[in-house]
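J.: Input: one structure, supplied below.
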Amino acid sequence: MATLRDCGHHTPAARHGARARAQNPNGDTAELLRTFWKRLDDPSERRQFLLLAEIYGLALRDRDRYAKVLEVLAQDLRAPIETSLRGDGVAPAGAAALATALLALIRGLQFDLAAAGDRARVDAAFGAALDALLTTSAVSTAGTPSTEQPRLDS
């Protein structure tokens, strides 16, 4: 029987990362994330998220024992988002920061949905945040903070 330390690239996160890379090798991050978000609505994916939350909790309580699990969970979903952002013209440093924020958005909204069950509200929040982060991002394509003010009228 495999332990959590042995699960490596067999995690749901790894499978999602591989699918995301295959579906979006050349950028268009907004479409990549919308597709990923829709996939997370599948009942089996919702069950996997709950298991993933338990694995996170276990790994965070015993970081030494489950260091590889935490590494995989941190890297496998962020990497394809970062790659896609770079394909969209975002500089490497900016892509890393924005990919981290986008993944945190998805994870946080998954927790909200699991707790409250309000799909319409959470979907609306995902769409609004994704649009805001990708169209008026605080990270310019040069990877430095943008001085441009966000447009609230569009």
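The values are calculated or read from the model by the stated rules, or taken from the named source; none is laboratory data. A quick note: this is a predicted structure, and the numbers were derived from the prediction, not measured. Glycine also receives a Cβ, built like all others from the backbone with ideal geometry; neighbour counts cover every protein chain displayed.
J.: I'd like to know if the stretch 111-119 contains one or more residues that are assigned to a loop (DSSP other than H, G, I, E, B) and loosely packed, with under 13 Cβ neighbours inside 10 Å.
T.: Yes: the stretch 111-119 contains one or more residues that are assigned to a loop (DSSP other than H, G, I, E, B) and loosely packed, with under 13 Cβ neighbours inside 10 Å.
J.: So, of the residues in the stretch 122-133 that are out of contact with any helix residue (DSSP H, G or I) (no Cβ under 7 Å at 6 or more places or on another chain) and over 20 Å from L50 (Cα atoms), which turns out to be surrounded by the most Cβ atoms within 10 Å (Cβ to Cβ)?
T.: A132
J.: Which residues, taken from the stretch 60-82, are outside any helix (DSSP H, G or I), among the charged types (D, E, K, R) and crowded, with 16+ Cβ neighbours inside 10 Å?
T.: Answer for the stretch 60-82, where residues must be outside any helix (DSSP H, G or I), among the charged types (D, E, K, R) and crowded, with 16+ Cβ neighbours inside 10 Å: just D76.
J.: Now, a different point. What do you reckon, is V90 buried (at least 16 other Cβ atoms within 10 Å of the Cβ) and not in a helix (DSSP H, G or I)?
T.: Spelling it out, V90 is indeed buried (at least 16 other Cβ atoms within 10 Å of the Cβ) and not in a helix (DSSP H, G or I).
J.: Evaluate the following for G57: is it of a type outside the set (D, E, K, R), at positive phi, loosely packed, with under 14 Cβ neighbours inside 10 Å and at pLDDT 90 or above?
T.: Taking the combined requirement at face value, the residue does not satisfy it.
J.: Further question on the same structure: Within the stretch 87-122, track down each residue that is touching a residue at least 40 places away in the same chain (Cβ under 8 Å) and of a type in the set (D, E, K, R).
T.: Passing the criteria: D88, R119.
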